[in-house]
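In what follows, a structure is listed as C-alpha cells, so that the remarks can point back to it.
Each value in this text was obtained by applying a stated rule to the coordinates, not by laboratory testing. The model shown is predicted, which means the values in this text are computed figures rather than measured ones. FYI the Cβ positions are ideal-geometry reconstructions off the backbone, even for glycines, and counts take in every protein chain you see.
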Amino acid sequence: MTTAASPDDAAASFEPLRPKLMRVAYRMLGSVADAEDAVQEAFIRWMRTDRGEVREPEAFLRRSVTRLCLDQLKSARRKRETYIGPWLPDPVVEEEQEEDVTLPLMLALERLSPLERAAFLLHDVFGLAFEEVAATIQRDPATCRQLASRARTHVREARPRFQVERGRSLEIAEAFFAASRSGDMKALGALLAADVSSHADGGGKRLATLEPLVGFEAVMKFHELLAAHFRQHGSTLVRAGYINGLPGFITRESDGELQTTALDIEDGKITAIYVVRNPDKLRHLH
C-alpha cells in the first residue's frame with residue numbers, strides 16, 4: 001500500500017535529513033556522485049512508501065541508504081580493481097575540520113568488506129547501538145559486534161593520533177603550496193617527515209604517478225621535477241581549507257583543471273601528500 005500524501009509531503013520530511021544521509025552514503029562509498037545517486041534513490045523509494053506507517057523516518061531512511069550503498073560497493077570494488085594508478089576518495093572541502101572520518105581512515109575503510117565497513121561506520125562513527133546496526137544491515141547484533149571489532153583492528157593505525165592546532169595546520173599547508181610552486185627545496189624539505197609518502201590520483205585522465213612515492217628522497221626528487229614544470233606553467237591557489245578532514249588547498253593548474261592537495265601532518269611535519277587530479281572526482285567543486 002502506498003500513501004496518498006503528495007510528493008511535496010515526501011520532500012518536506014526528506015530534505016532536512018538529506019545532509020545526514022549524504023554523510024552516511026559518502027563515507028560508505030568515497031564518491032560524491034555515487035553518494036548523491038544512493039540518496040536520490042532512497043528519496044524515490046520514500047515517495048512510494050506508506051510514510052504514515054514509519055515511526056522513525058531518519059532510521060528508516062538511513063537503513064535504506066546503507067543498503068543501497070552495500071549493493072553499490074560490490075560494483076565499485078570491481079571498478080577499483082581496474083582503476084589506473086592510486087585510487088583516492090572524492091575530495092570533500094570544508095571550512096571546518098571534520099575529525100570523524102579523515103582521508104587516511106577512508107583509505108583504510110577500502111580494505112574492509114562492505115559489511116565490516118557498514119558496521120564500523122554506523123557504530124563507531126555515527127554512534128548507533130548494535131541493535132540498530134543489526135536492523136540496518138540485516139545481521140544479528142553479535143555478528144555486528146564482530147564485524148565492527150574486526151574493522152577496528154584493521155583501521156586502528158589510520159585513526160588520528162595527533163591533533164594539529166587548526167591555524168598551524170593551515171599555515172603548514174600554505175607553506176607547502178608556496179615552497180612546492182616556487183621550487184624552494186630547502187623550505188620544502190623542512191616541512192617533510194623522513195617517511196613522507198605522496199599519492200596522486202589521475203585516474204588515467206591526467207598525468208599522475210602510477211605508484212605512491214615513499215620516503216623523503218623520492219618525494220623531494222619528484223618535487224624538483226614539478227618545480228621546473230611550475231616555472232614554465234603556472235599553478236594558482238584557489239583556496240585553502242580542509243579536504244576530507246586534512247589541511248590542504250585547491251589549485252587551478254596550467255591545463256585549466258582543478259586539483260586538490262591534502263596533507264597528513266604529525267608533530268608539525270607532513271607525513272603524507274594526497275593529490276586528486278582526476279577531473280571526474282572534481283566536478284562537484286566547480
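Straight Cα distances below 15 angstrom link residue 186 to the aspartates and glutamates 217, 224, with same-chain residues fewer than 8 positions distant left out.
Compactness of the stretch 166-285, taken as the C-alpha radius of gyration over 2.2 N^0.38 Å, stands at 0.97.
With respect to the cross-link table entries 79/281; 79/205; 79/269, which display a Cα-Cα separation exceeding 23 Å? From the list (79/281; 79/205; 79/269), the Cα-Cα distance tops 23 Å for 79/269.
Separation of the stretch 75-117 and the stretch 216-240, taken as the distance between their Cα centroids, equals 25 angstrom. Its relative contact order, with pairs defined as Cα atoms under 8 Å and 6+ residues apart, puts the stretch 1-82 at 39 percent. Of the GluC sites (Glu not before Pro) found in the stretch 150-218, those in coil by DSSP whose Cβ has at most 11 other Cβ atoms within 10 Å are 165.
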